[in-house]
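*Asks:* Sharing a structure here in structure tokens format.
The values are calculated or read from the model by the stated rules, or taken from the named source; none is laboratory data. Just so we're clear, the structure is a prediction, and the values are computed from it rather than from any experiment. Methodologically, a virtual Cβ is constructed for each residue, glycine included, from the backbone with ideal geometry; neighbour enumeration extends over all protein chains shown. For accessibility, only protein heavy atoms count, side chains too; no ligands or nucleic acids. Shrake-Rupley method; radii C 1.70, N 1.55, O 1.52, S 1.80 Å.
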There are 2 protein chains.
Amino acid sequence: MDDLLVKTVVTSWKQIVSRLDERFAPLDGEQLQKQIAPNKNRLFYLLGHLTAVHDRMLPLLGIGERQHPELDEVYLSNSDRKLSDPLSAADLKKAWSEVNTAITSAVEKFSVDDWLKQHTAVSDEDFSKDPTRNRLAVFLNRTNHASFHTGQIALAQ
Amino acid sequence: MDDLLVKTVVTSWKQIVSRLDERFAPLDGEQLQKQIAPNKNRLFYLLGHLTAVHDRMLPLLGIGERQHPELDEVYLSNSDRKLSDPLSAADLKKAWSEVNTAITSAVEKFSVDDWLKQHTAVSDEDFSKDPTRNRLAVFLNRTNHASFHTGQIALAQ
């Protein structure tokens with residue numbers, strides 16, 4: 001029964017990631033330069049931002065080392081168009097895809113016990129006070145974060 | 001352990017709803033007429049749309065009758081500005097709040113078994129083939145849907 005709960009959560013994540021894949025896949029480097037609305041983020045920036053956030057999930061969920069720490073400065077610490085894009089469109093799309101594959105294949109092996117372990121950014125003390133600060137909470141938060149930006153990306157079509 | 005899984009999921013829903021509450025609460029009727037971007041949906045339309053979608057969760061999760069079926073025609077079947085708004089801003093905000101309260105208080109009482117029951121829009125046959133088409137799947141889907149539109153609403157600020 002627990003397994004089914006967890007499988008349902010992972011299915012929801014996979015759905016959101018695959019919807020983003022469908023939006024990004026057909027766009028070339030030039031099309032990714034388009035903004036979601038006048039004077040708002042470029043699609044390229046959001047792809048970098050989402051890749052950086054998902055890349056950070058690897059250590060946060062205790063499932064691996066970061067693959068693309070070079071994205072943080074451009075897509076997390078700074079707003080769009082402050083710094084130049086460190087990767088080409090093709091390389092960024094490849095990074096996005098590889099990071100998500102790494103996450104999905106790791107969490108598909110998680111037991112219920114794994115899901116309920118604390119994530120690596122919460123202290124033992126805080127976790128003992130609030131056991132909902134677990135890996136599942138991070139995973140749901142990042143699924144919602146991806147949905148948040150999917151809504152913005154949909155406006156650019 | 002199951003309870004903690006389920007509690008984490010409900011916490012995520014509450015977080016998303018409360019972020020939307022914070023965005024809508026300070027806006028009066030005139031401010032809600034603002035569009036999220038040029039020629040895109042008004043905030044008012046999205047509030048109506050989200051209220052209608054959440055209202056439909058009541059029968060879908062088997063937790064109650066619809067409270068505001070009058071919203072569907074305007075905010076689900078038609079795009080923005082096709083029909084006039086059936087409720088005032090104050091009444092729509094009240095409906096939004098009441099519907100969410102009804103959902104949250106019902107699902108907080110759900111056992112793991114309740115979460116894994118089929119939702120009311122899936123047939124027995126389809127559910128037996130795919131048991132992830134359960135109430136939890138609907139709940140996660142609607143949480144993501146709310147996040148999707150939160151991302152758009154954030155652009156209007």
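*Asks:* Binning at 10 Å from 0, report for the range A:108-157 what percent of all alpha-carbon pair distances ends up in each bin.
*Replies:* Bin by bin from 0 Å, the calculated values are 24, 38, 23, 13, 2.
*Asks:* Could you tell me the convex hull volume per residue, in Å³, taken over the Cα atoms of chain A?
*Replies:* Dividing the Cα hull volume of chain A by its residues yields 114 Å³.
*Asks:* Using a label point 7 Å beyond Cα on the Cα-Cβ vector, give me the inter-copy distances for A:LYS94 in nanometres, one decimal, shortest first.
*Replies:* Between copies, matching label points for A:LYS94 lie 5.9 nm apart.
*Asks:* For every other residue with a beta carbon closer than 13 angstrom to the beta carbon of B:GLU22, add +1 if it is Lys or Arg and -1 if Asp or Glu, then tell me the sum.
*Replies:* Here the charged neighbours net out to +3.
*Asks:* Between copies, how far does the label point of B:VAL112 sit from its twins, in nm, shortest first, when each point is 7 Å from Cα along Cα→Cβ?
*Replies:* Once sorted, the set of distances for B:VAL112 reads 0.2 nm.
*Asks:* Using DSSP to define loop residues, name the GluC sites (Glu not before Pro) in the range A:1-82 whose beta-carbon has at most 11 other beta-carbon atoms within 10 Å. Before the final figure, lay out the partial values.
*Replies:* Details: sites: A:GLU22, A:GLU30, A:GLU65, A:GLU70, A:GLU73; in loops: A:GLU30, A:GLU65.
Loop-located and lightly packed - A:GLU30, A:GLU65.
*Asks:* Here's a follow-up. Looking at the range B:68-157, which trypsin sites (Lys or Arg not before Pro) are DSSP coil and have at most 15 other C-beta atoms within 10 Å of their C-beta? Intermediate values should be presented prior to the final figure.
*Replies:* On the way: sites: B:ARG81, B:LYS82, B:LYS93, B:LYS94, B:LYS109, B:LYS117, B:LYS129, B:ARG133, B:ARG135, B:ARG142; in loops: B:ARG81, B:LYS82, B:LYS109, B:LYS117, B:ARG133.
Those satisfying the criteria are B:ARG81, B:LYS82, B:LYS109.
*Asks:* Compute accessible area for the range A:121-157 by itself and then with all protein chains, 1.4 Å probe, and report residues whose area falls by 50 Å² or more.
*Replies:* A:THR132, A:LEU140, A:ASN144, A:PHE148, A:LEU155
*Asks:* Starting from the Kirkwood radius over alpha-carbon pairs of the range A:9-78, derive D by Stokes-Einstein at 4 °C in a medium of 1.567 mPa s and give it in µm² s⁻¹.
*Replies:* 97
*Asks:* Say a label goes 7 Å from Cα toward Cβ at A:ASP126 in every copy; what distances in nm does this one have to the rest, shortest first?
*Replies:* Label-point distances to the other copies, shortest first: 4.1 nm.
*Asks:* Another one. Going down the list A:LYS40/A:LYS93; B:LYS14/B:LYS94; A:LYS14/B:LYS34; A:LYS14/B:LYS7; A:LYS14/B:LYS14; A:LYS14/A:LYS129, which pairs span over 24 Å between their C-alpha atoms?
*Replies:* In this structure, A:LYS14/B:LYS34; A:LYS14/A:LYS129 lie more than 24 Å apart at Cα.
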